[in-house]
Amino acid sequence: MKQKPNLSFWQLWNLSFGFFGVQIAYALQSANISRIFATLGADPHNLSYFWILPPLMGIVVQPIVGTLSDMTWTRFGRRIPYLFVGAAVAVLVMCLLPNAGSLGMAVSTAMIFGLISLMFLDTSINMAMQPFKMLVGDMVNEKQKTLAYSIQSFLCNAGSIAGYVFPFFFTFLGISNQAPSGVVPDSVVYSFYIGAAILILCVIYTTAKVKEMPPKVYAEYHTVEKKEETSKSNVFTLLKFAPSTFWKVGLVQFFSWFAFMYMWTYTNGTVAANCWGVDMLAHDATMTKGYQEAGNWVGILFAIQAIGSVVWAMILPQFKNTKLAYSFSLILGAAGFVLAAFVHDQYMMFIPFLLIGCAWAAILAMPFTFVTNALEGYGHMGAYLGLFNGTICIPQIIAAAIGGVILQMVGSVQSNMMIVAGVSLFLGALSVGIIKVKRPA
């Protein structure tokens with residue numbers, strides 16, 4: 001098998017640039033879904049259930065996209081067509097979701113409309129997101145993968161910063177941050193509109209700049225073992241032959257994504273209660289000025305987290321021991337989650353979210369470095385990465401399904417869920433020890 005040539009920095013950059021736009025969409029979703037559904041009237045104990053749909057769609061869509069793109073060869077490439085279609089659908093849905101409470105529907109109908117919109121939004125984001133991981137696996141050699149995924153992490157977090165601060169920024173410009181009962185504020189609605197425009201422009205850029213390998217060239221760099229080449233590419237066969245690293249990294253992923261699901265779900269309530277003094281058990285909690293101000297501030301905190309991730313993503317390649325870098329990053333994040341539960345000053349909240357950002361940078365870059373290196377020679381790269389997405393989706397589904405129960409167990413105090421997240425992330429850090437690293441040739 002021929003060694004894939006080194007790519008220039010700008011080739012690696014162009015390979016992942018569209019991720020900037022995709023991540024703006026994902027950031028808007030993750031920072032505002034709890035706020036949107038709480039504003040529509042959802043009970044805090046049921047809030048986590050609305051988060052089941054995104055990972056559920058991811059676990060269905062991404063393996064399909066991976067498998068189909070493995071078998072796709074067009075003049076536009078094999079991964080890029082899926083990227084473009086996913087982004088186009090996401091743009092449409094981003095214009096619909098924040099208007100769920102503005103169409104004159106009853107509360108229950110508005111929630112159903114919001115759920116269906118959320119389902120399509122996450123489906124399309126997943127469809128647009130997965131090809132970026134596959135493009136790196138297809139076109140980047142083992143020695144450059146850490147750098148390639150770090151660039152991807154940088155662009156991902158830069159997009160997150162933009163998406164997270166949009167509501168705060170538009171409020172600063174004078175756009176209303178409050179609305180009638182059951183209606184999402186204009187500051188959030190405009191954020192989704194602008195995010196949609198940036199998303200499609202970024203994806204068009206990547207589509208124009210990246211030229212995937214034609215089939216004959218691809219075959220020269222991706223010779224696979226005969227046994228794997230001739231095996232049927234169904235889910236069970238692929239999982240049977242998956243390298244052990246696939247499963248070991250998956251265990252770390254379980255604890256990591258379990259933790260972040262609770263951050264996305266309960267940060268809004270934590271910040272509103274701790275920093276604005278909102279009684280989150282009150283019936284009208286979400287209609288208060290403090291809750292909506294806290295909602296904007298959560299975007300700022302998530303942006304601070306993304307800044308921490310951007311900085312840490314540049315530091316990660318300097319670690320000679322990738323396992324140490326991975327584990328240490330998760331420990332920093334675990335400390336940040338626990339600290340967030342006890343901070344009552346909105347500006348001091350920057351510290352825990354900077355620490356959480358260190359973990360986020362590692363979660364975005366490290367698992368795919370380990371897994372794509374371990375998959376060299378196995379074939380079905382796209383299908384395997386699609387299946388690996390299950391290690392992201394399954395823990396989120398489980399966390400969302402039991403979130404209400406755990407919230408009751410910790411006294412219905414949303415800040416306590418941040419401690420639960422910290423414990424989970426620490427267990428993830430401990431699990432890194434079982435991973436065996438495949439050294440670059």
Which of the residues that make up segment 359-394 are in contact with a Gly (Cβ under 6 Å, 6 or more places away or on another chain), within 15 Å of residue 428 (Cβ to Cβ) and at pLDDT below 95? 391
Checked 333, 269, 308 against criteria (open to solvent by less than 50 Å² (accessible area, probe 1.4 Å) and under 23 Å from residue 42 (Cβ atoms)); the one match is 269
Within segment 91-113, residues surrounded by 20 or more Cβ atoms within 10 Å (Cβ to Cβ) and not in a helix (DSSP H, G or I) come out as 100, 101
Across (1) more than 21 Å from residue 428 (Cβ to Cβ); (2) among the aliphatic types (A, V, I, L, M); (3) assigned to a helix (DSSP H, G or I), residue 252 clears everything bar (1)
Return the residues of segment 205-219 that are more than 14 Å from residue 12 (Cβ to Cβ) and not in a loop (DSSP other than H, G, I, E, B); say none if nothing qualifies. 205, 207, 208, 215, 216, 217, 218, 219
List every residue pair whose Cβ atoms sit under 9 Å apart, with the two residues 6 or more apart in sequence or on different chains, where the first one lies in segment 293-314 and is outside the structural domain of residue 266 (by the TED database) and touching a residue at least 24 places away in the same chain (Cβ under 8 Å) and the second, anywhere, is buried (at least 21 other Cβ atoms within 10 Å of the Cβ) and outside any helix (DSSP H, G or I). none
Any residue at all in segment 41-64 that is of a type in the set (Asp, Glu) and within 30 Å of residue 279 (Cβ to Cβ)? yes
Between a residue in segment 237-265 that is closer than 16 Å to residue 323 by Cβ and any residue that is in a helix (DSSP H, G or I) and among the hydroxyl-bearing types (Ser, Thr, Tyr), which pairs come within a Cβ distance under 7 Å, given they are 6 or more apart or on different chains? 250/391; 251/431; 252/431; 253/391; 255/424; 255/431
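For every residue, the table says whether it meets (1) of a type in the set (Val, Ile, Thr); (2) over 25 Å from residue 195 (Cα atoms); (3) modelled with pLDDT under 85.
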| site | (1), (2), (3) |
| --- | --- |
| 3 | no, yes, yes |
| 21 | no, no, no |
| 33 | yes, no, yes |
| 50 | no, no, yes |
| 89 | yes, no, no |
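Hey, among the residues in segment 52-66 that are within 28 Å of residue 182 (Cβ to Cβ) and surrounded by fewer than 23 Cβ atoms within 10 Å (Cβ to Cβ), which one's modelled with the highest pLDDT? So that I can check it myself, show each step before the final result.
Restricting attention to segment 52-66, the residues satisfying the condition of being within 28 Å of residue 182 (Cβ to Cβ) are 52-57.
Applying the additional criterion that residues be surrounded by fewer than 23 Cβ atoms within 10 Å (Cβ to Cβ) yields 52-53, 56-57.
Details: 52: 84, 53: 75, 56: 80, 57: 76.
The extreme case among them is 52.
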Specify which of the listed residues (125, 116) is of a type in the set (Val, Ile, Thr) and surrounded by 24 or more Cβ atoms within 10 Å (Cβ to Cβ). 125
List pairs: first residue in segment 102-124 and under 28 Å from residue 65 (Cα atoms) and without any contact (Cβ under 8 Å) to a residue 60 or more places away in the chain, second residue surrounded by 20 or more Cβ atoms within 10 Å (Cβ to Cβ) and small (Gly, Ala, Ser) anywhere in the structure, Cβ distance under 7 angstrom, at least six positions apart or on different chains. 113/100; 117/100; 124/86; 124/90
Checked pairs for segment 188-208, first closer than 17 Å to residue 98 by Cβ, second open to solvent by less than 50 Å² (accessible area, probe 1.4 Å) and among the polar types (S, T, N, Q), C-beta under 7 Å and 6 or more apart or across chains, list as 188/32; 189/99
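So, in segment 283-296, exactly how many residues are open to solvent by less than 20 Å² (accessible area, probe 1.4 Å) and either in contact with a strand residue (DSSP E or B) (Cβ under 9 Å, 6 or more places away or on another chain) or modelled with pLDDT of 85 or more (or both)? Let's see the steps before the verdict.
Here is the first cut: in segment 283-296, the ones open to solvent by less than 20 Å² (accessible area, probe 1.4 Å) are 285, 290-292, 294-296.
Of the ones still in play, those that are also either in contact with a strand residue (DSSP E or B) (Cβ under 9 Å, 6 or more places away or on another chain) or modelled with pLDDT of 85 or more (or both) are 290-292, 294-296.
Count: 6.
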In segment 149-169, is there at least one residue being open to solvent by 20 Å² or more (accessible area, probe 1.4 Å), closer than 24 Å to residue 374 by Cα and polar (S, T, N, Q)? no
Test for residue 69: is it closer than 25 Å to residue 253 by Cα, open to solvent by less than 10 Å² (accessible area, probe 1.4 Å) and modelled with pLDDT of 85 or more: no
Residue list for segment 170-214, filter: farther than 30 Å from residue 138 by Cα, surrounded by fewer than 18 Cβ atoms within 10 Å (Cβ to Cβ) and modelled with pLDDT under 90: 176, 178, 180, 181
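The values are calculated or read from the model by the stated rules, or taken from the named source; none is laboratory data. As the structure is a computational prediction, the values presented were derived from the model and not from experiment. All Cβ positions, even for glycine, are placed from backbone atoms using ideal geometry, and neighbour counts span all protein chains on display. Each accessible area value is taken on the protein alone, full model and side chains, heavy atoms only, with ligands, DNA and RNA left out. Shrake-Rupley method; radii C 1.70, N 1.55, O 1.52, S 1.80 Å.
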